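The values are calculated or read from the model by the stated rules, or taken from the named source; none is laboratory data. Note that the coordinates shown come from a computational prediction; the quantities given were computed from them, not determined experimentally. Here Cβ is always computed from backbone atoms with ideal geometry, including for glycine, and neighbour counts include all displayed protein chains.
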Amino acid sequence: MRVIAIDGPGGSGKSTVARALALRLGLPRLDTGAMYRAVALLALRNGVETDDESALAALAHEMDLTVGESVLLDGEDISQAIRTPEIDAAVSFVARQPRVREELVARQRAWAHLHGGGVVEGRDIATVVFPDADLKVYLTASEGERARRRASEQNAGDGSDSDAIAATRRAIARRDELDSSRTISPLTRSEEAVEIDSTGLSVEAVIEMIVGLL
């Protein structure tokens with residue numbers, strides 16, 4: 001089983017890079033963040049508080065979820081529904097719940113065994129989910145660059161709206177704090193991971209760096 005683990009904070013370019021790398025190498029890709037976002041969406045839709053571990057764990061266990069080029073929840077395409085400021089604000093609290101993480105990590109490992117490995121992106125892939133990954137990459141970027149990218153994604157623009165960028169930058173800083181300070185599987189760089197700062201780099205340049213490492 002060959003696993004390439006790509007970790008990093010929001011807006012660092014993980015999804016874009018992982019998608020392009022998987023295509024380049026002919027490997028399947030798993031966006032683990034989409035799995036936590038799906039649980040957060042279910043929580044919001046069902047009125048479940050984001051600190052109710054038992055209820056959240058039940059949602060995670062019972063959901064029929066397929067994560068690929070599209071994210072399907074009980075047959076519904078939620079690819080866009082999970083990429084909103086509301087989900088951004090909720091997902092870190094959902095991801096802090098140990099029983100939710102237990103369920104989703106089990107699903108992530110099962111996915112890798114089923115596919116014989118692949119490119120897996122998230123926040124704890126190299127440290128917790130696949131500590132024996134063939135290659136570990138920690139992808140980062142400046143806070144300003146990450147805010148611009150995320151604002152562009154959410155507003156379908158070019159990321160030039162200064163108010164949107166400022167608001168997104170505050171949200172990113174808050175999520176960084178929550179993700180890196182949680183007790184279970186915090187966002188952190190594995191000692192074996194190669195850090196790549198994507199600020200100012202094209203996707204192609206980052207891909208070439210990773211392929212060079214391989």
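Residues to consider are Ser15, Ser54; find the one that is among the polar types (S, T, N, Q) and at pLDDT 95 or above. Show your work before the answer.
On the way: Ser15 fails: at pLDDT 95 or above.
Result: Ser54 is the single residue among Ser15, Ser54 that is among the polar types (S, T, N, Q) and at pLDDT 95 or above.
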TODO: Check Val211, Val137 and return the single one that is farther than 22 Å from Ile82 by Cβ, at pLDDT 90 or above and assigned to a helix (DSSP H, G or I).
DONE: Val211
TODO: Return yes or no: is Arg83 of a type in the set (Lys, Arg), buried (at least 16 other Cβ atoms within 10 Å of the Cβ) and at pLDDT 95 or above?
DONE: no
Open item on the list: Taking the criterion of being in contact with a Gly (Cβ under 9 Å, 6 or more places away or on another chain), among the small types (Gly, Ala, Ser), modelled with pLDDT of 80 or more and within 12 Å of Ser92 (Cβ to Cβ), would at least one residue in the stretch 147-168 satisfy it?
Closed with: no
Task: the stretch 1-48, subset charged (D, E, K, R) and over 22 Å from Ser190 (Cβ atoms), residue surrounded by the most Cβ atoms within 10 Å (Cβ to Cβ) - done: Arg37
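May I ask you to say which residue of Glu177, Glu192, Glu204 is surrounded by fewer than 15 Cβ atoms within 10 Å (Cβ to Cβ), out of contact with any Phe, Trp or Tyr (no Cβ under 6 Å at 6 or more places or on another chain), of a type outside the set (Lys, Arg) and assigned to a loop (DSSP other than H, G, I, E, B)?
Details: Glu177 fails: assigned to a loop (DSSP other than H, G, I, E, B); Glu204 fails: assigned to a loop (DSSP other than H, G, I, E, B).
Within the list Glu177, Glu192, Glu204, the selection yields Glu192.
Within the stretch 180-189, can you find the residues that are assigned to a loop (DSSP other than H, G, I, E, B) and farther than 14 Å from Thr140 by Cα?
Filtering the stretch 180-189 down to residues assigned to a loop (DSSP other than H, G, I, E, B) leaves 182-189.
Matches in the stretch 180-189: Arg182, Thr183, Ile184, Ser185, Pro186.
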Open item on the list: As an exercise: evaluate Ile165 against (1) touching a residue at least 24 places away in the same chain (Cβ under 8 Å); (2) in contact with a helix residue (DSSP H, G or I) (Cβ under 8 Å, 6 or more places away or on another chain); (3) part of a helix (DSSP H, G or I); (4) of a type outside the set (Phe, Trp, Tyr) and give the number of the one condition it does not meet.
Closed with: (1)
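Table: residues versus (1) buried (at least 16 other Cβ atoms within 10 Å of the Cβ); (2) of a type outside the set (Val, Ile, Thr).
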{"residue": "Val100", "(1), (2)": "yes, no"}
{"residue": "Ala106", "(1), (2)": "no, yes"}
{"residue": "Gly122", "(1), (2)": "yes, yes"}
{"residue": "Thr127", "(1), (2)": "yes, no"}
{"residue": "Phe130", "(1), (2)": "yes, yes"}
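When you go through Arg45, Arg99 one by one, which is the residue that is basic (Lys, Arg), over 29 Å from Glu192 (Cβ atoms) and at pLDDT 95 or above? Show your work before the answer.
Values: Arg99 fails: over 29 Å from Glu192 (Cβ atoms).
The conditions single out Arg45.
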Task: Subset of the stretch 54-76 [closer than 22 Å to Gly10 by Cβ and loosely packed, with under 14 Cβ neighbours inside 10 Å] - done: Gly68, Glu69, Ser70
